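Chemist: What follows is a structure written as C-alpha cells; I'll ask about it next.
The values are calculated or read from the model by the stated rules, or taken from the named source; none is laboratory data. All of these numbers come straight from a predicted model, not from anything done at the bench. Cβ placement follows ideal geometry from the backbone for every residue including glycine, while neighbour counts extend to all protein chains displayed. Just the protein is used for accessible areas: all its heavy atoms, side chains included, with ligands, DNA and RNA removed. Shrake-Rupley method; radii C 1.70, N 1.55, O 1.52, S 1.80 Å.
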Amino acid sequence: MDDAGLLRYSRQIMLPEVDMAGQEAIAGARVLIVGMGGLGSPAALYLAAAGVGQLTLADHDHVDLTNLQRQILHGTADLDRPKTESAQDRLRALNPEPRLYTISERLEGERLERAVADADLVLDGTDNFATRFAVNAACVAQRKPLVSGAAIRLEGQLGIFRPDLEYGPCYGCLFPPDAAEAPRETCSETGVLGPVVGVIGSMMALEALRIIAGFGEPATGRFSAWDARSGEWQGFRVARDPDCRVCGGRSNA
C-alpha cells in the first residue's frame, strides 16, 4: 500500500480490530451487491470508501424520481439512467481505487451463479422473495457468505447467513422457499422512511467488513429486526435446519 492509501484508510487501519492485515484483506476482497436501491446505496458507498478491492454492482432497473428520497447513490441528473451506471459514477468519484463491474440486467440463472462464484461475499438488497431465494441458493451452491437486508415503513431487518461454514444456516433455514409465493407488501404500496434503509444498508456494510477483516464475534447465523419508532433492535441466532430444502442435504465436508 502506498502513502496515499495509508493516509486514505488511516482511521480504520489504526483500529486494532482492522490494522494492516485487515486492510489488506479488505483490499483483496471481491463483493457482489445485488440491488442498487435504498439498501445497496449506503452499503456500496461504505464498502467503496473502506477500500474493498472489487465491487460488482447488479441491478436491472433505471433511476426514477420516487427513488431519490432514499437511494442516495443517485441524483436528479441521473433520472432514467441505469442504476448501475449511476452507482458506478458515484463510487468512482468517492474512491477511484476499487475495481467496479456492473451487471445491468436481471441477475438470474447461470449469470447469477457466475457472479456469486466470482465473489467472496454477497450482499442482497433486493425487495422480493423470488430474487432473495435465487441469490441464497447460489450462495449455498458456491458456499459464499450472504448478508441480507430488508426495510419497509419504519422497520428494518438484517440477516447474516454462512453456508460457507460448517453447520452455517442459509436464508431458506429461516424463510421456507414457498414464502416466495406469498403476497408481500412493497415500499410503493406502504412507504418507507429514507433513514431506515440507510441504517440497514450501513449495517450490511459493517457486517461485510466484519466478515472480510475477521473481527468481532463470528457471525455464523444471525437475524435482527430494528424498529425506528423506538430505535430498538431485537435479534436471535438462526440454526441450520437439517430439513431445509436448500441446504439441508449439503455435506459439511
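Chemist: If a residue must be in contact (Cβ under 8 Å) with a residue 24 or more places away in the chain, within 19 Å of Asp64 (Cβ to Cβ) and surrounded by fewer than 15 Cβ atoms within 10 Å (Cβ to Cβ), how many such residues does the range 76-109 contain?
Modeler: 2
Chemist: While we're looking at this one, here's another question. Please go through (1) crowded, with 19+ Cβ neighbours inside 10 Å; (2) within 21 Å of Val196 (Cα to Cα); (3) in contact with a Ser or Thr (Cβ under 9 Å, 6 or more places away or on another chain) for Leu68 and return the number of the only condition it doesn't satisfy.
Modeler: Single failed check for Leu68: (1).
Chemist: Could I ask something else about it? Taking the range 110-124 only, how many residues are touching a helix residue (DSSP H, G or I) at 6+ places or on another chain (Cβ under 6 Å) and without any contact (Cβ under 8 Å) to a residue 60 or more places away in the chain? Walk me through how you get there before you give the answer.
Modeler: Within the range 110-124, the first condition is being touching a helix residue (DSSP H, G or I) at 6+ places or on another chain (Cβ under 6 Å), and the residues that meet it are 112-113, 116-117, 121-124.
Subsequent filtering for residues that are without any contact (Cβ under 8 Å) to a residue 60 or more places away in the chain retains 112-113, 117.
Residues flagged as touching a helix residue (DSSP H, G or I) at 6+ places or on another chain (Cβ under 6 Å) and without any contact (Cβ under 8 Å) to a residue 60 or more places away in the chain within the range 110-124 amount to 3.
Chemist: Counting only residues that are of a type outside the set (A, V, I, L, M, F, W, C) and crowded, with 18+ Cβ neighbours inside 10 Å, how many does the range 9-29 have? Spell out how you get there, then give the answer.
Modeler: Step one: list which residues in the range 9-29 are of a type outside the set (A, V, I, L, M, F, W, C), which gives 9-12, 16-17, 19, 22-24, 28.
This time we only want the ones that are crowded, with 18+ Cβ neighbours inside 10 Å, so: 9, 12, 22-23.
Final tally of qualifying residues: 4.
Chemist: Moving to a separate point now. May I ask you to say which residue of Asp164, Asp178 is free of Cβ contacts under 8 Å to residues at least 40 places away in the same chain and farther than 16 Å from Leu32 by Cα? Don't jump to the end; show me each part of the working.
Modeler: Details: Asp164 fails: farther than 16 Å from Leu32 by Cα.
None of the others qualify; the one that does is Asp178.
Chemist: In the range 130-166, how many residues are small (Gly, Ala, Ser), surrounded by fewer than 24 Cβ atoms within 10 Å (Cβ to Cβ) and either more than 12 Å from the chain's Cα centre (by Cα) or within 15 Å of Arg237 (Cα to Cα) (or both)?
Modeler: Taking the range 130-166 as the starting set, the residues that turn out to be small (Gly, Ala, Ser) are 130, 134, 137-138, 141, 148-151, 156, 159.
Cutting the leftovers down to surrounded by fewer than 24 Cβ atoms within 10 Å (Cβ to Cβ) gives us 130, 134, 137, 141, 150.
Right, trim to either more than 12 Å from the chain's Cα centre (by Cα) or within 15 Å of Arg237 (Cα to Cα) (or both) and you get 130, 134, 137, 141.
Number satisfying all stated conditions: 4.
Chemist: Identify, please: which residue in the range 110-129 is at pLDDT 95 or above, under 16 Å from the mean Cα position of the chain (by Cα) and in a helix (DSSP H, G or I) and is, among those, surrounded by the fewest Cβ atoms within 10 Å (Cβ to Cβ)?
Modeler: Here the answer is Ala117.
Chemist: Condition test on Arg70, is it in contact with a helix residue (DSSP H, G or I) (Cβ under 6 Å, 6 or more places away or on another chain), of a type in the set (Lys, Arg) and not in a helix (DSSP H, G or I)? Break it down into steps so the answer makes sense when it comes.
Modeler: Details: in contact with a helix residue (DSSP H, G or I) (Cβ under 6 Å, 6 or more places away or on another chain): yes; of a type in the set (Lys, Arg): yes; not in a helix (DSSP H, G or I): yes.
Yes.
Chemist: Could you grab me the full set of residues in the range 212-224 that are open to solvent by less than 40 Å² (accessible area, probe 1.4 Å) and either under 18 Å from Gly149 (Cβ atoms) or more than 18 Å from the chain's Cα centre (by Cα) (or both)? Talk me through it step by step, then tell me what you get.
Modeler: First, pick out the residues of the range 212-224 that are open to solvent by less than 40 Å² (accessible area, probe 1.4 Å): 212-213, 219, 221, 223-224.
Listed by number, the residues that qualify are Ile212, Ala219, Gly221, Phe223, Ser224.
Chemist: Now, a different point. For the structure I just gave you, tell me whether Tyr46 is open to solvent by 10 Å² or more (accessible area, probe 1.4 Å), under 21 Å from Ala25 (Cβ atoms), touching a residue at least 24 places away in the same chain (Cβ under 8 Å) and part of a helix (DSSP H, G or I). Talk me through it step by step, then tell me what you get.
Modeler: Details: open to solvent by 10 Å² or more (accessible area, probe 1.4 Å): yes; under 21 Å from Ala25 (Cβ atoms): yes; touching a residue at least 24 places away in the same chain (Cβ under 8 Å): yes; part of a helix (DSSP H, G or I): yes.
Yes, satisfied.
Chemist: Could I ask something else about it? Any chance you could count how many residues in the range 219-237 are of a type in the set (D, E, K, R) and more than 12 Å from Gly156 (Cβ to Cβ)?
Modeler: Initial filter on the range 219-237 (of a type in the set (D, E, K, R)): 222, 227, 229, 232, 237.
Then keep just the ones that are more than 12 Å from Gly156 (Cβ to Cβ); that gives 222, 237.
Counting residues in the range 219-237 that are of a type in the set (D, E, K, R) and more than 12 Å from Gly156 (Cβ to Cβ) gives 2.
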